[in-house]
1. Among residues other than residue 8 whose Cβ falls under 14 Å from its Cβ, what is the net charge (Lys/Arg +1, Asp/Glu -1)?
2. Using a 1.4 angstrom probe on the protein heavy atoms only, could you order 159, 10, 227, 87 from most to least accessible area?
3. Using +1 on the beta carbon of Lys and Arg, -1 on that of Asp and Glu, and nothing else charged, what's the dipole of the chain about the Cα centre, debye to 20?
4. In terms of the Cα gyration tensor, with a ≥ b ≥ c the square roots of its eigenvalues, is the range 38-95 rounded because a/c is under 1.5, prolate because a/b exceeds b/c, or oblate?
5. Whole-Hz Karplus ³J(HN,Hα) for the range 72-82, in order, using 6.51 cos²θ - 1.76 cosθ + 1.60 and θ = phi - 60°, x for Gly and Pro?
6. Add -39500 (n - 2.57) for each DSSP H run of 4 or more in the chain, then divide by its residues: what number comes out at 222 nm, to the nearest 500 deg cm²/dmol?
7. With every atom except the alpha carbons ignored, what do you get for Rg and Dmax of the range 111-209, in angstroms?
8. For residue 32, what accessible surface area do you get with a 1.4 Å probe? Give it in Å², rounded to 10.
Amino acid sequence: MTAPVLRMADVTSGYRGIPAIRGVGLEVLPGEIVAILGANGAGKSTTLLTLAGVLTPLSGVVEALGQPVVGGRPHLVARRGLCLVPDSRALLHGLTLRENLAVALSRSTARSTTELALDLFPALRPKLEVRVGLLSGGEQQMLAIGRALSREAKVLLIDEMSMGLAPAVARSLAPPVRRAATETGVGVLLVEQHTDLALDIADRAVVLGHGEIRLAAPSATLRERRDLLQASYLGEADPAAIGE
Ligand code: ATP
């Protein structure tokens, strides 16, 4: 059986000792795309921050690339190959696109991985010398994802990929992310408010509500069973009603 690149089991985590998520379990396999869905305040970002080693869980197991994630030490898990693309995108706006890609690179990987980012997002190639602050929102998101892949990420956590983007622009990001997962084996966990986009791109989806998992199912099933998806948002779903 393939080992997951990301795993959390029965995790309770939150802020200043107060749980925001309770008993959450999920896994991401290499090359797999998993979406976390849920309404505002459901606990999506808390889940991501716990997996990235920013928050220390109150209880439960968190593992990335087969090793425990130590809360409060995100740089350790980043060194292993986990890369968080925050909703702010965390780009250096005063530098050019090329410079933003360059700061992501170690000397040994510089060439091939920049090429990978530009190959996945060819729209970035003519903009290499443009200051990032002048790029469109879509180009900035392409750069944020491309930069993470340039770091040879083995796990990508993408917070609100579609934030601030027109629906068509957000949708155009899906095929390159899928290609990266297939070609490089990177495991992707996306937090997404835009349900249709998430179900188009992800293999599986998990719906959180009030800090607990309400539903976990293959995206194909949820595309067919909108009723279950809606019920899970309303807190009416029985997680046992649908198998993975
Ligand atoms: P959104 O889509 O609005 O970002 P979310 O699903 O990502 O929502 P979280 O941000 O994980 O949800 O929030 C889960 C709960 O934790 C909410 O009740 C929220 O108020 C609380 N929370 C989030 N950040 C903090 C913080 N820094 N300090 C205290 N409580 C927080």
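The values are calculated or read from the model by the stated rules, or taken from the named source; none is laboratory data. Quantities reported herein were computed from a predicted structural model and do not represent experimental measurements. Note that we place each Cβ from the backbone using ideal geometry, even for glycine, and neighbour counts take in every protein chain shown. Areas reflect the complete protein model, heavy atoms only, side chains present, ligands, DNA and RNA absent. Shrake-Rupley method; radii C 1.70, N 1.55, O 1.52, S 1.80 Å.
1. -1
2. These residues rank, largest area first, as 10, 227, 87, 159.
3. Here the chain has a charge dipole of around 800 debye.
4. Judged from the Cα gyration tensor, the range 38-95 comes out oblate (a/c at least 1.5, b/c at or above a/b).
5. Going residue by residue, I get x, 10, x, 5, 5, 6, 5, 4, 6, x, 9 Hz, with x marking Gly and Pro.
6. -9500 deg cm²/dmol
7. My reading of the Cα-based Rg and Dmax gives 13.3, 43 Å.
8. Counting only protein heavy atoms, residue 32 exposes about 20 Å² to solvent.
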